[in-house]
Amino acid sequence: MIIVADSAPLIFLAKINQLDLLSGLFDAEILVPVAVRDEILGPGVPPDEERLLTGFLSGCQVVPLRKPTGFAQALSYADNCILTLAVKELANSVLSDDRLLRKTAVIEGIQVIGTIGILIRATKASLLTTKKALELLTELVEEHNFRISTRVYEIARNAVDQDHPNGAEQSGEGSHYATTASPSTP
């Protein structure tokens, strides 16, 4: 399995100290374009976050691209690099929170998953308790400027609570399934 990662999910997972969820959920090679690496390790990154991201990137394949395909004018250089790499490497999924990048990936036939989808899947795989996933979702929104609509926030909360409507703690190891999200997954 191959996943091509965008910067936002990696940054937000680092902010909540949950980058390890990716290896817990996916038995995958994670590809990161150099342009994405440069975004996440740019100036102003807090030292603890930088340490987590640098450590995570050491387990990824950071890939230089000379001339990415221009999929859409509204996409950034890094977004076009992500899509070019995903198409070139026949990636199973793109990890992104960017709406236009996600829509373009779906048009290209690539599945997508974002930060919220990772939290939901981690809960369903018993890597996070329902309570912890809800706390992390709230922390993302309230402390880290994770911008989502109230509607999406409620959908995400309900998805985390779906199998555990009372917010009960989950127990057991659970399966660490390695599937990607459908294009409509948060």
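Values quoted throughout were computed directly from the atomic coordinates according to the rules given, and no laboratory measurement underlies them. The shown structure was predicted, so the numbers you read here are calculated from the model rather than taken from an experiment. For neighbour counting, all protein chains shown are included, and Cβ atoms are generated from backbone atoms with ideal geometry for every residue, glycine included.
Kindly state, to the nearest 0.05, the FRET efficiency for A74 paired with S23, given R0 = 25 Å and r defined as their beta-carbon distance.
Values: r = 32 Å, r/R0 = 1.29.
Efficiency for this residue pair is about 0.20.
Please report, in debye to the nearest 20, how large the charge dipole of the chain is about its Cα centre when each Lys and Arg carries +1 at its beta carbon and each Asp and Glu carries -1 there.
Working: 16 positive and 23 negative charges, 105 e Å.
Here the chain has a charge dipole of around 500 debye.
For region 37-131, compute the number of Lys pairs whose alpha carbons are separated by less than 30 Å, excluding pairs fewer than 8 positions apart on the same chain.
Details: K67/K88; K67/K103; K88/K103; K103/K124.
Lysine pairs satisfying the spacing and distance rule in region 37-131 number 4.
State log₁₀ I(q)/I(0) for region 79-145 at q = 0.17 Å⁻¹ as given by the Debye formula over alpha-carbon point scatterers of equal weight, solvent excluded.
-0.69
Can you pull the three principal axis extents for the Cα set of region 1-53, in Å, largest first?
Over region 1-53, Cα extents along the principal axes are 33, 23, 14 Å.
Set Lys and Arg Cβ to +1 and Asp and Glu Cβ to -1, take the dipole of the chain about its Cα centre, and tell me which of S93, G42, I107 lies farthest positive.
I107
Tell me the relative contact order for region 2-113 as a rounded percent, counting alpha carbon contacts under 8 Å between residues six or more apart. Write out the running numbers ahead of the final one.
Numbers: 160 pairs, mean separation 38.3, N = 112.
The value is 34 percent.
Angle between the Cα long axis of helix 77-88 and the longest principal axis of the chain, 0 to 90 degrees, nearest 10?
Relative to the chain, helix 77-88 is tipped by roughly 90 degrees.
What FRET efficiency do you get for R151 and M1 if R0 is 45 Å and r is their Cβ-Cβ distance, rounded to the nearest 0.05?
Values: r = 31 Å, r/R0 = 0.69.
Working from the Cβ atoms, E equals 0.90.
More than 26 angstrom separation, counting every C-alpha pair in the chain; what % is that? Present the calculation step by step, with values, prior to reporting the outcome.
Working: 4770 of 17205 pairs.
Pairs farther apart than 26 Å: 28 percent.
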